[in-house]
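One structure is given below, encoded as structure tokens.
The values are calculated or read from the model by the stated rules, or taken from the named source; none is laboratory data. Predicted, not measured: the structure shown is a model, and the values here were computed from it. Every residue, glycine among them, receives a Cβ derived from its backbone with ideal geometry; neighbour counts consider all protein chains shown.
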Amino acid sequence: MTMTPVAIVLGTLGVVGLLLALTRRALPDDPDRPHESAATAIFSMVGVLYAVILAFVVIVVWENDGKARDDSQVEANAASRIYFTARSLPEPQRTELMSLAHDYVATVAGQEWPLMALGQTSPRARQHVAAMRLTTHELRPTTADQEILMADTLAAVDALVDSRRERTSALTAPLTPLMWSGLIVTSGLTVGFMFLFNRPSFAMHLLMVGSVAALIAFILWLVYDLSLPFSGWSAVSPEAFEQILQRFQEFPPDSPS
């Protein structure tokens, strides 16, 4: 079961409250704590370093998520281009390519998209792509118009293959385990040093540390969610392919262009 942002924030506040109570018990209130100035200086350095790392990571996953959405739209447009260009081709390539383009879009939207949430792709979709390429190369143009149509179809197939490769490459998370380890360690250090600050009021101390910890936990959850663009709360939807599929239904193979 996927944890919600609210559950993550509340859980973080609960853990911080427990750890803060234990820390204050271990370090009794003392206005002249000798470690306070050193902790403050180290916290400043760690905080700056953490902010730089976190900003870099957020940008990486944000761009990865946006690119996955763009690649999906480009791929759907390429399939549409194949379908409607094939309407002007001679038989049997006309019917074969239109059928393959339709089946490919339907397979991606209906079968492959749920598989991508599990980090997998559809073998059937890959077969459709191979068949489209093979069928296009079987064209034997006899007129200048047919040569142009064949060139356009080949370009559309290449565009579909390239955009599909880019889309499926997004199934691999952009952050390595080492980067996650660095994020978690620096997050712990950033929050941990705040435990050492001398605050007479437990409620005020908890408010300060808890708010920072909750914000960091939310950002880490957001980074994780964006690093997997086809699953989670902000998952890319197959809307682009569903819209193209509706267009195919509006213009079946036997309808006029």
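The figures follow:
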item	result
Options S99, S122; residue that is closer than 30 Å to D225 by Cα and surrounded by 16 or more Cβ atoms within 10 Å (Cβ to Cβ)	S122
Qualifying residue in region 131-150 (condition: under 30 Å from F218 (Cβ atoms), surrounded by 14 or more Cβ atoms within 10 Å (Cβ to Cβ) and basic (K, R))	no
Filter result for E91 (of a type outside the set (S, T, Y), without any contact (Cβ under 8 Å) to a residue 12 or more places away in the chain and outside any helix (DSSP H, G or I))	yes
Members of region 99-144 that are more than 24 Å from Q243 (Cα to Cα), in a helix (DSSP H, G or I) and without any contact (Cβ under 8 Å) to a residue 40 or more places away in the chain	L134, H137, A144
Qualifying position, being out of contact with any Cys (no Cβ under 9 Å at 6 or more places or on another chain), outside any helix (DSSP H, G or I) and either at pLDDT 85 or above or surrounded by 12 or more Cβ atoms within 10 Å (Cβ to Cβ) (or both), among R81, R33	R33
Of all residues in region 148-193 being touching a residue at least 40 places away in the same chain (Cβ under 8 Å) and charged (D, E, K, R), the one that is nearest to Y104 (Cα to Cα)	R164
Filtered residues of region 159-206 (kept if in a loop (DSSP other than H, G, I, E, B) and either of a type outside the set (A, V, I, L, M) or touching a His at 6+ places or on another chain (Cβ under 8 Å) (or both))	T172, P174, T176, L196, F197, N198, R199, P200, S201
Search result, residues across region 121-143 that are among the aliphatic types (A, V, I, L, M) and either touching a strand residue (DSSP E or B) at 6+ places or on another chain (Cβ under 7 Å) or at pLDDT below 90 (or both)	L139
Subset of region 63-83 (residues that are of a type outside the set (D, E) and either touching a strand residue (DSSP E or B) at 6+ places or on another chain (Cβ under 8 Å) or over 19 Å from T107 (Cβ atoms) (or both))	N64, G66, K67, R69
All positions within region 235-256 that are crowded, with 18+ Cβ neighbours inside 10 Å and more than 16 Å from A106 (Cβ to Cβ)	V236
Residues of region 188-216 satisfying the condition of being under 16 Å from V6 (Cβ atoms) and in contact with a Gly (Cβ under 8 Å, 6 or more places away or on another chain)	G210
Any pair with Cβ under 7 angstrom, 6 or more apart, that starts in region 207-228 at a residue that is farther than 18 Å from I59 by Cβ and ends at one that is polar (S, T, N, Q)	A213/T12; A214/T12; A217/T12
